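Down below is the structure, laid out as structure tokens.
None of the figures in this text is laboratory data; all of them are computed from the coordinates on show. The shown structure was predicted, so the numbers you read here are calculated from the model rather than taken from an experiment. So basically every Cβ, Gly included, is an ideal-geometry build from the backbone, and we count neighbours across all protein chains shown.
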Amino acid sequence: MELAVKLSGGAPAMSDESTHARVVDAAIACILDEGFYRASSNKIAKRAGVTWGVIQYHFGSREALMVAVHERGLDELDRCLADAVITGDTIEARLAAFVDVLWAYYRRPEFLAYLQVVLNLSHDPTTADSTRRALETSHDQVGSRLPAMGRAVLGDGPSDVEVADTARFLYNVVRGLALDQELLDAMPVEHSGTAAFDAQRDELVRVLAQALSR
């Protein structure tokens, strides 16, 4: 089924799927430009070239649209992890490949939009219980990807429990460093720049590889 949506300027109608994606794209852009709460339904609709009624048809409410933004981020992360290729003759080389996979995702500007959605919906007292439950369980699929990645880094020696714990630890450390860089980039203050963080990332890989080797 197609929804006939006439865009501003007389553009042709779009399918349900393309309209859904267009609105999510517009929501992400609005959040990045103006922040979570200033990205109003009307601004998102205007940027997407549709009416608020069209957004209601696809999502039902602004909160549901924000959940769709969150789901977009999770889908992208899941694909990133699923497509990861971790190879190397040394544990440091394999760990560097693991870090590069996460770094490529978490250093994207869109991640800040996904982060704003999670933080604001989680702390807003008006957020629906169903939305909170969705946020709490949404990382289960992503977490299921980590043990295989950890095994690719560590090899056959460690137990499954050790591999899973190490993979989660590495994931959290790398995500934290990437998030730190993203937040600094978004703030109007002077800092040491991306090159310094890249050096910190490389040093982190070296130190962690030494620890894992032992």
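Across region 36-41, coupling constants 3J(HN,Hα) worked out from phi with the 6.51/-1.76/1.60 Karplus curve, θ = phi - 60°, read 4, 7, 7, 7, 6, 4 Hz, and Gly and Pro carry x. Relative intensity of the chain on a log10 scale, I(q)/I(0) at q = 0.09, 0.14, 0.15, 0.17 Å⁻¹, equals -0.45, -0.93, -1.01, -1.16, per a Debye sum over C-alpha point scatterers of equal strength in the absence of solvent. Projected label points at E203 and A148, each 7 Å from Cα along the beta carbon direction, are separated by 3.5 nanometres.
Think of it as helices only: each DSSP H run of n ≥ 4 in the chain is worth -39500 (n - 2.57), and spread over all residues that comes to -24000 deg cm²/dmol at 222 nm. Less than 5 angstrom separates the built amide H of T127 from none of the residues sequence-distant by 5 or more or on a different chain.
Using 0.36 nm per residue and subtracting the Cα-Cα separation, the extra length available between D83 and W52 on full extension is 7.5 nm.
Rounded to the nearest Hz, the phi-derived 3J(HN,Hα) couplings of region 101-118 under the Karplus curve 6.51 cos²θ - 1.76 cosθ + 1.60 (θ = phi - 60°) are 4, 5, 4, 4, 7, 6, 8, 7, x, 4, 4, 5, 5, 4, 5, 4, 4, 5, where x marks glycine and proline.
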